[in-house]
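Input: a single structure, listed below in structure tokens.
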Amino acid sequence: MYLSRITWEGSPKEIANWNPYRHHEMVWKFFPLDPKAKRRWMFRYDLDRGRPRYFLVSLEPPQPVAKWRVETKPYTPDLCNGDLLHFDLRVNPVVSRREGKRVKRFDVVMDYKYQLDKEAREKLDQNELIYRLGCEWLARRASSHGFEIGARRTLVACYRPSVFHKRKHPDPMTVTTMDLTGTLRVTEVDAFRNMLFNGLGPAKSFGCGLMLVRRA
């Protein structure tokens, strides 16, 4: 596996209005493979002092693309059970529910609110609700992915819905993202490493699921 930091060197205004699908298309350009090949990477888009960049975990090293600076190294995390790590994670927090023969995904915040009556919704503290549901969503997945949430407070830094169109698809698509940061303790190295390589939750094609970690 490879871990890459890819920084935009053109004018930030050129890509300021890109939506998640446009970033998805851009990341593919770093891997000039057979167009029918399966995606073998996941990424996160953010800004570093106003400069757009991607963090990328992939099976192959990304190739150079004009106006992007590509920095790549082998990704071989040295981990032990009990390690305390700081994490930074962008997820698409959804709940799955069967409706007839189909299983549909619903944003956890909106799903919770839709089940309340108008009076109850008006009394909600939106920020507290986002924090609670985000932490609960992550905690439900921690054990099966080889970690437990640390004693220090987890921070929900951002909750953002994005509505966009995929190419050649007339219907709009909505992807809601939530940024979670905090500390965790590794409980099962193999499961945790697998999560670092393959991501957590859905919408990985649109910049979700990549957990960045460092020693706490």
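Worth a mention:
- Around Ile130: net Lys/Arg minus Asp/Glu count, Cβ-Cβ under 12 Å: -2
- Partners for Lys29 among lysines (Cα-Cα distance below 22 Å; same-chain residues under 8 apart left out): Lys13, Lys38, Lys67, Lys73, Lys166, Lys168, Lys204
- Look at the dipole of the chain built from charges on Cβ: of Asn81, Leu59, Val213, the Cα furthest out on the positive end belongs to Leu59.
- Basic side chains Lys and Arg get +1 at the Cβ, acidic Asp and Glu get -1 at the Cβ, and with that the dipole of the range 87-216 about its Cα centre reaches some 460 debye.
- Helix-only mean residue ellipticity at 222 nm for the chain, each DSSP H run of n ≥ 4 adding -39500 (n - 2.57), per residue, nearest 500: -6500 deg cm²/dmol
- Stretch gain in nm, segment Ser162-Thr187, where the contour uses 0.36 nm per residue and the Cα spacing is subtracted: 5.6 nm
- When the chain is treated as a GNM with alpha-carbon contacts under 10 Å, the residue of Val103, Val57, Val95 showing the greatest mean-square fluctuation is Val103.
- A simple spin-label model places pseudo-atoms 7 Å from Cα toward Cβ; at Trp18 and Ser96 they are separated by 3.0 nm.
- Residues Cys135, Cys80, Cys158, Cys208 arranged by fewest to most Cβ contacts within 10 Å: Cys80, Cys158, Cys135, Cys208
- Proxy reagent accessibility, fewest Cβ within 10 Å first, across Thr177, Thr72, Thr7: Thr7, Thr72, Thr177
- Percentage relative contact order, the chain, counting C-alpha pairs under 8 Å, at least six apart: 29
- Note on Leu33 and Arg51: the model spin-label points, each 7 Å out from Cα along the C-beta direction, lie 2.9 nm apart.
- Seen from Arg121, the other residues with C-beta closer than 14 Å to its C-beta sum to a net charge of -3, counting Lys and Arg as +1 and Asp and Glu as -1.
- Theoretical gain in end-to-end length, Arg153 to Lys123 [0.36 nm per residue, Cα-Cα removed]: 8.3 nm
- Counting every other Cβ atom within 10 Å of each residue's Cβ, Thr176, Thr187 order from fewest to most as Thr187, Thr176.
Every number here is computed from the coordinates shown, using simple stated rules; none is lab data. Quick caveat, the model's predicted, so the values are computed rather than measured. So basically every Cβ, Gly included, is an ideal-geometry build from the backbone, and we count neighbours across all protein chains shown.
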